[in-house]
1. Consider I87 against the criteria (1) assigned to a strand (DSSP E or B); (2) under 16 Å from the mean Cα position of the chain (by Cα): it satisfies all of them except one. Which criterion is unmet?
2. Does K17 satisfy the condition of being at pLDDT below 95 and of a type in the set (K, R)?
3. Is the stretch 13-21 home to any residue that is of a type in the set (D, E) and outside any loop (DSSP other than H, G, I, E, B)?
4. Condition first: open to solvent by 50 Å² or more (accessible area, probe 1.4 Å), within 18 Å of the chain's Cα centre (by Cα), over 21 Å from Y69 (Cα atoms) and in contact (Cβ under 8 Å) with a residue 24 or more places away in the chain. Now tell me which residues in the stretch 35-48 satisfy that.
5. Against the definition (over 27 Å from I25 (Cα atoms) and not small (G, A, S)), how does W52 come out, yes or no?
6. State whether the residues of the stretch 98-114 include one that is in contact with a Lys or Arg (Cβ under 8 Å, 6 or more places away or on another chain), open to solvent by 20 Å² or more (accessible area, probe 1.4 Å), closer than 24 Å to L135 by Cβ and assigned to a strand (DSSP E or B).
7. Might you let me know whether the stretch 124-131 holds any residue that is open to solvent by 30 Å² or more (accessible area, probe 1.4 Å) and touching a Pro at 6+ places or on another chain (Cβ under 6 Å)?
8. Being β-branched (V, I, T) and either touching a helix residue (DSSP H, G or I) at 6+ places or on another chain (Cβ under 8 Å) or modelled with pLDDT under 95 (or both) is the filter here; which residues of the stretch 20-41 pass it?
Amino acid sequence: MAVGILEVNLISGKGLKRSDFLGKIDPYVEIQYKGQTRKSSVAKDGGRNPTWNDKLKWRAEFPGSGADYKLIVKVMDHDTFSSDDLIGEATVHVKELLEMGVEKGTAELRPTKYNVVDSDLTFVGELFIGVSYSLLQDRGMDAEEFGGWKA
């Protein structure tokens with residue numbers, strides 16, 4: 001099993017639908033990977049077209065337990081006086097990225113648009129996200145041998 005760092009570059013959103021009829025939205029993103037959740041900053045002045053430029057990281061094993069090699073990306077509207085509202089979510093499949101990263105040491109999904117849908121699968125906007133995976137260098141017992149030396 002290989003261990004590496006899965007990094008999400010959350011760049012921006014576009015055309016996010018308002019869930020708050022009182023005015024503008026203050027969107028942020030929660031990203032889940034295998035039970036671990038990371039949260040972006042709140043884009044206070046972004047409204048429907050926010051810019052985050054946040055980098056979020058996870059420790060990722062491949063092959064690991066379970067087969068759900070995907071990022072669940074939830075777009076939320078931050079509310080000061082009530083609970084935050086879910087705008088919608090997107091899914092980013094990363095199995096092939098992890099496979100390539102294990103094979104080559106590093107792999108990248110260039111920034112791409114992902115559709116955000118609500119619970120009825122209605123389109124509610126898009127996110128621009130890049131993802132990369134880099135192996136951590138193992139200096140333990142499983143290291144490769146080169147001419148009698150462990151690397």
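1. Unmet condition: (2).
2. On the way: at pLDDT below 95: yes; of a type in the set (K, R): yes.
Yes.
3. Step one: of the stretch 13-21, the residues of a type in the set (D, E) are 20.
This time we only want the ones that are outside any loop (DSSP other than H, G, I, E, B), so: none.
Scanning the stretch 13-21, I find no residue that is of a type in the set (D, E) and outside any loop (DSSP other than H, G, I, E, B), so the answer is no.
4. Step one: list which residues in the stretch 35-48 are open to solvent by 50 Å² or more (accessible area, probe 1.4 Å), which gives 35-39, 41-42, 44-45, 48.
Those left that are additionally within 18 Å of the chain's Cα centre (by Cα): 35-39, 41-42.
Right, trim to over 21 Å from Y69 (Cα atoms) and you get 41-42.
The answer is V42, and nothing else.
5. no
6. So far as the stretch 98-114 goes, no, none of its residues is in contact with a Lys or Arg (Cβ under 8 Å, 6 or more places away or on another chain), open to solvent by 20 Å² or more (accessible area, probe 1.4 Å), closer than 24 Å to L135 by Cβ and assigned to a strand (DSSP E or B).
7. yes
8. The first filter runs over the stretch 20-41 and keeps only residues β-branched (V, I, T), leaving 25, 29, 31, 37.
Of everything in the stretch 20-41, just one residue is β-branched (V, I, T) and either touching a helix residue (DSSP H, G or I) at 6+ places or on another chain (Cβ under 8 Å) or modelled with pLDDT under 95 (or both), namely I25.
The values are calculated or read from the model by the stated rules, or taken from the named source; none is laboratory data. Source: prediction; values computed, not measured. Note: ideal-geometry Cβ built from the backbone for every residue, glycine included; neighbour counts use all protein chains shown. Keep in mind that these areas ignore ligands, DNA and RNA; they rest on the heavy atoms of the full protein, side chains included. Shrake-Rupley method; radii C 1.70, N 1.55, O 1.52, S 1.80 Å.
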